[in-house]
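Taking it in order: structure first as structure tokens, then the write-up.
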Amino acid sequence: MTFGIIMKKIRIGLIGCGTVGTGVVACIKNNAALIAARCDVQLSIVAIAVSDIEKKRDFDATSVVFTDNADTVVNSPDIDVIVELIGGTTDAKRYVLQALKNGKPVVTANKSLLAYHGDELFRVAAENGVDIYYEASVAGGVPIIKSLREGLSANHVERIYGILNGTCNYILTRMENDGVDFGDVLREAQDLGFAEADPSLDIDGHDTAHKTCILASLAYGEWIDVDQIFVEGIRGIDLQDIRNAARAGYKIKLLGIVKFDSSNIQMRVHPTLVSADSLLAKVSDEFNAVWVEGDIVGPTMLYGRGAGQDATASAVVADLVDVALNICFNSSRRVPPFRPHNSYNDVLSMDEIECRYYIRLSVDDVPNVMARIAQILGESGISIASVTQQELASDHLPIILITHTAKEVELNRALSKIEVLDVVREAPVVLRIEDIENDRDR
Ligand code: NDP
Ligand code: HSE
């Protein structure tokens with residue numbers, strides 16, 4: 001049955017055809033007919049720009065314009081929409097801005113571009129009355145951007161907790177399950193196409209910060225300066241901390257955390273101990289999950305593959321369907337890509353946050369050590385919830401402390417005194433604990 005709507009062909013120019021771009025080509029090849037049947041739009045890739053046109057590709061490029069000059073794609077009058085999949089913030093920014101100025105809608109998966117230049121890109125898109133879609137920029141195939149912009153738009157967002165980096169979650173899962181060395185697993189994640197071109201963006205937490213910036217900006221209506229987000233990655237996570245956490249009933253996850261706190265917001269990215277029984281603890285491998293709490297809806301959670309060719313392509317092509325429908329119904333910007341509506345006062349500094357802490361100390365096995373440490377913590381008002389002292393592993397004794405809720409500034413004050421004690425052998429390892437599902441009494 002038809003409803004009298006004429007099928008419209010949407011001509012796509014792809015800039016970048018590596019891991020994600022190749023997935024987009026395959027997805028459109030496999031599912032264009034299904035999408036056409038559902039939406040009466042025919043998605044058609046007509047041009048592809050890459051760096052190296054001599055490189056062997058996994059698809060047949062003979063039916064498209066294949067070029068190493070992306071400007072010709074961006075400026076072509078025969079292209080309706082530009083998909084930017086090259087990454088980085090230099091060439092990508094230039095192509096995206098030019099496309100918007102040319103009146104072409106843009107789809108991008110580039111979270112660093114949005115984190116650093118979102119303000120400018122959204123302003124130029126608004127000035128030119130065009131859309132910029134970016135579902136794939138956060139959590140791969142998980143439709144969190146659409147959820148925040150549309151599905152949860154009736155809510156004031158209270159808290160967001162996200163496992164947002166597939167590479168890190170894959171590494172932490174393999175370390176925990178198989179005791180594999182950090183470096184080996186990182187190489188695996190790279191081979192699987194999860195990691196960024198520069199994988200330090202993943203493991204040092206910056207990629208998660210870029211995504212946290214996008215989510216917080218959408219939630220609180222001001223394009224946030226990504227440098228205001230506290231960032232700590234997983235490079236320092238040791239197998240012994242993963243095992244200690246497991247013994248205490250926790251798993252370690254790299255989280256992007258955004259909390260609304262008495263009209264201010266806190267934003268941080270760090271490895272976090274979460275209860276092993278919690279939903280987020282069960283998110284393994286390259287999977288991502290985003291826990292969003294709204295004042296009306298309460299807690300929600302989205303889950304799915306956060307990195308890799310097909311999952312990311314799914315989000316890019318879904319954006320293309322939205323763009324195509326906007327073109328067909330002359331309804332671009334019906335849901336604006338980002339609309340400023342500031343709804344918070346300030347960004348809290350890390351000194352002001354409060355949580356529970358896991359602390360690993362390496363100390364001499366001599367009398368009175370624990371008493372001295374407990375006294376310093378007590379003087380800073382930090383109460384100890386549990387202490388585990390392990391048998392002598394080497395010439396030093398590991399002590400694992402879990403605290404009750406404490407202020408970060410007080411913890412740092414106490415640690416600065418503890419680490420200079422003559423019995424303390426290494427810098428303390430400190431990880432934050434979040435009680436996500438049980439934190440109902442805020
Ligand atoms: P790749 O490195 O696999 O692919 C990059 C592509 O861009 C290649 O085709 C490359 O050409 C091309 N390219 C690079 N510079 C230029 C340029 N100046 N002009 C034209 N083409 C250029 O990256 P990914 O596909 O992994 O990532 C693309 C984007 O998607 C990034 O922003 C990334 O952060 C994001 N992303 C990636 C995910 C993933 O799981 N991989 C998930 C979500 C988002 P050539 O092929 O000739 O080298
Ligand atoms: N490198 C990113 C990750 C890709 O591992 O999550 C998806 O954004």
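Observations
- Applying a threshold of 8 Å to beta carbon distances and a minimum spacing of six or more residues, or different chains, the list of pairs starting in segment 342-362 at a residue that is farther than 15 Å from Ile384 by Cα and ending at one that is open to solvent by 80 Å² or more (accessible area, probe 1.4 Å) reads Val347/Gln228; Asp351/Lys407; Glu352/Lys407; Ile353/Lys407; Ser362/Arg425; Ser362/Glu426.
- Near pairs, Cβ below 8 angstrom, 6+ apart or cross-chain, from segment 398-421 (free of Cβ contacts under 8 Å to residues at least 40 places away in the same chain and more than 14 Å from Ala385 (Cα to Cα)) to any residue that is of a type outside the set (Gly, Ala, Ser) and in a helix (DSSP H, G or I): Ala414/Ile376; Ala414/Leu377; Ala414/Glu379
- Residue satisfying condition, being assigned to a strand (DSSP E or B) and open to solvent by less than 50 Å² (accessible area, probe 1.4 Å), within set Leu377, Leu415, Leu401: Leu401
- Residue count for segment 15-52, restricted to those that are of a type in the set (Asp, Glu) and over 15 Å from Asp322 (Cα atoms): 1
- 2 or more residues within 25 Å of Gly118 (Cβ to Cβ): qualifying helices (runs of 4 or more DSSP H) within segment 187-272: 200-203, 206-220
- Every residue from segment 285-308 that is over 17 Å from Thr212 (Cα atoms) and without any contact (Cβ under 8 Å) to a residue 40 or more places away in the chain: Gly298
- Every test in (1) at negative phi; (2) of a type in the set (Gly, Ala, Ser); (3) over 22 Å from the mean Cα position of the chain (by Cα); (4) surrounded by fewer than 24 Cβ atoms within 10 Å (Cβ to Cβ) is passed by Ala99 save one, and that test is (4).
- Any chance Arg123 is more than 17 Å from Trp223 (Cβ to Cβ) and open to solvent by 50 Å² or more (accessible area, probe 1.4 Å): no
- Any pair with Cβ under 7 angstrom, 6 or more apart, that starts in segment 155-168 at a residue that is closer than 12 Å to Leu302 by Cβ and ends at one that is modelled with pLDDT under 95: Tyr161/Ile436
- Scanning segment 297-316 for residues that are open to solvent by less than 60 Å² (accessible area, probe 1.4 Å) and more than 13 Å from ligand 2 (Cβ to nearest atom) returns Gly298, Thr300, Leu302.
- Matching entry among Leu215, Leu239, Leu254 (being modelled with pLDDT under 95, touching a Gly at 6+ places or on another chain (Cβ under 9 Å), within 18 Å of Cys168 (Cβ to Cβ) and not hydroxyl-bearing (Ser, Thr, Tyr)): Leu239
- Residue under evaluation Lys282, criteria (1) within 16 Å of ligand 1 (Cβ to nearest atom); (2) surrounded by fewer than 16 Cβ atoms within 10 Å (Cβ to Cβ), criterion not met: (1)
- Residue check for Asn177: out of contact with any helix residue (DSSP H, G or I) (no Cβ under 9 Å at 6 or more places or on another chain), surrounded by 22 or more Cβ atoms within 10 Å (Cβ to Cβ) and assigned to a helix (DSSP H, G or I): no
- Test: residue in segment 151-171 that is of a type in the set (A, V, I, L, M, F, W, C) and farther than 26 Å from Ala276 by Cα: yes
- Condition check for Val321: more than 16 Å from ligand 1 (Cβ to nearest atom), open to solvent by 50 Å² or more (accessible area, probe 1.4 Å) and modelled with pLDDT of 95 or more: no
- From Ile86, Ile144, residue being within 25 Å of Asp198 (Cα to Cα) and open to solvent by less than 10 Å² (accessible area, probe 1.4 Å): Ile144
- Ala36 vs. criteria assigned to a helix (DSSP H, G or I), more than 14 Å from ligand 1 (Cβ to nearest atom), of a type in the set (A, V, I, L, M) and open to solvent by less than 20 Å² (accessible area, probe 1.4 Å): yes
- Taking residues in segment 53-65 that are touching a residue at least 12 places away in the same chain (Cβ under 8 Å), and partners anywhere that are within 16 Å of ligand 2 (Cβ to nearest atom), the pairs with Cβ atoms closer than 6 Å and at least 6 places apart or on different chains are Asp58/Thr22.
The values are calculated or read from the model by the stated rules, or taken from the named source; none is laboratory data. The model shown is predicted, which means the values in this text are computed figures rather than measured ones. All Cβ positions, even for glycine, are placed from backbone atoms using ideal geometry, and neighbour counts span all protein chains on display. Just so you know, the surface numbers come from the protein's heavy atoms only, side chains and all, with ligands and any DNA or RNA stripped out. Shrake-Rupley method; radii C 1.70, N 1.55, O 1.52, S 1.80 Å.
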